[in-house]
1. Limited to the range 1-45, what total is found for residues that are surrounded by 17 or more Cβ atoms within 10 Å (Cβ to Cβ) and charged (D, E, K, R)?
2. Have a look at V130, V72 and point out the one that is within 26 Å of L169 (Cβ to Cβ), surrounded by 17 or more Cβ atoms within 10 Å (Cβ to Cβ) and at pLDDT 80 or above.
3. Taking I207, is it at pLDDT 70 or above, β-branched (V, I, T) and in a helix (DSSP H, G or I)?
4. When you look at F91, is it at pLDDT below 75, surrounded by 13 or more Cβ atoms within 10 Å (Cβ to Cβ) and over 25 Å from the mean Cα position of the chain (by Cα), yes or no?
5. Can you find a residue in the range 22-29 that is within 21 Å of L169 (Cβ to Cβ) and either at pLDDT 80 or above or polar (S, T, N, Q) (or both)?
6. Quick check on this structure: which one of L192, L241 is exposed (fewer than 12 other Cβ atoms within 10 Å of the Cβ), modelled with pLDDT under 70 and either of a type in the set (A, V, I, L, M) or not in a helix (DSSP H, G or I) (or both)?
Amino acid sequence: MAISVLLYLLANVRIKLTYLPCGLLILLSNFTDNISPLTLAVMSLERYVAVCYPLRHATVFNMRSTGIAIAVVWAISLIHILIRSFMLLYFFTELSLMQMGDFCSKDSIFFSPVFNHFEEVYASTLFLSVGVVIIGSYIGVALVARSASTDKASARKALQTLLLHMIQLILILTSTFISTIFITLARTLGRLTLMRIYNACFVCLNILPRCLSALIYGLRDQTIRVALMQNLCCQCRCSVLLRKSQ
């Protein structure tokens, strides 16, 4: 999220970089972006095991297995970024120190058709795999929730969590193809309207999906929920206290 916000600010203040630092920022941004859908798949599997196999949950998802899952997620994303890095080195050997004509973005770096073909194949495979995992987990939890021996409250919370993960995946998938959407909109809309839509999409498609996980698991935890609600309502409570004191 920090890299996305940095690139957004650089574009807004119209700071143009050379190809080398821009390429490094874009690769780092893509690396963290690819981790998000894979993490959603792992969290969905955790909810599935917690509801469908509650006695095995502590054994399957312990500190060691969680560390392995995180390492696998980062390794898959790293392989994708290494392939992109080699492709950039092949295309930008002579352009690395040249000033960019436009602001730093993924489209200004990965403009060759080979990048688009590679991204389409990778994104389609990634989101199809994660989608199957989330939908499969949702169906499994829904079937188990119908049995009489299941904790109904726990199953209902798991279904709600998996549904929110699916919404997160759809938002992240939409952000992956946002460039194609804006190219289509640019043919009919003015620049000012297009920029307003871009700002709204940046918040809804880049920031919101990455905040949902913290909110979902934070609000679900009884201990964290109290602290979170106190911090969120702090301003309202302070204003009420000030009115009473006056």
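1. So the answer is 1.
2. Residue meeting the stated conditions: V130.
3. yes
4. yes
5. From the range 22-29, those within 21 Å of L169 (Cβ to Cβ) are 29; that's our starting set.
This time we only want the ones that are either at pLDDT 80 or above or polar (S, T, N, Q) (or both), so: 29.
Looking through the range 22-29, at least one residue is within 21 Å of L169 (Cβ to Cβ) and either at pLDDT 80 or above or polar (S, T, N, Q) (or both).
6. Sole residue among the options that is exposed (fewer than 12 other Cβ atoms within 10 Å of the Cβ), modelled with pLDDT under 70 and either of a type in the set (A, V, I, L, M) or not in a helix (DSSP H, G or I) (or both): L241.
The values are calculated or read from the model by the stated rules, or taken from the named source; none is laboratory data. Keep in mind the model is a prediction, meaning the values are calculated, not measured. Here Cβ is always computed from backbone atoms with ideal geometry, including for glycine, and neighbour counts include all displayed protein chains.
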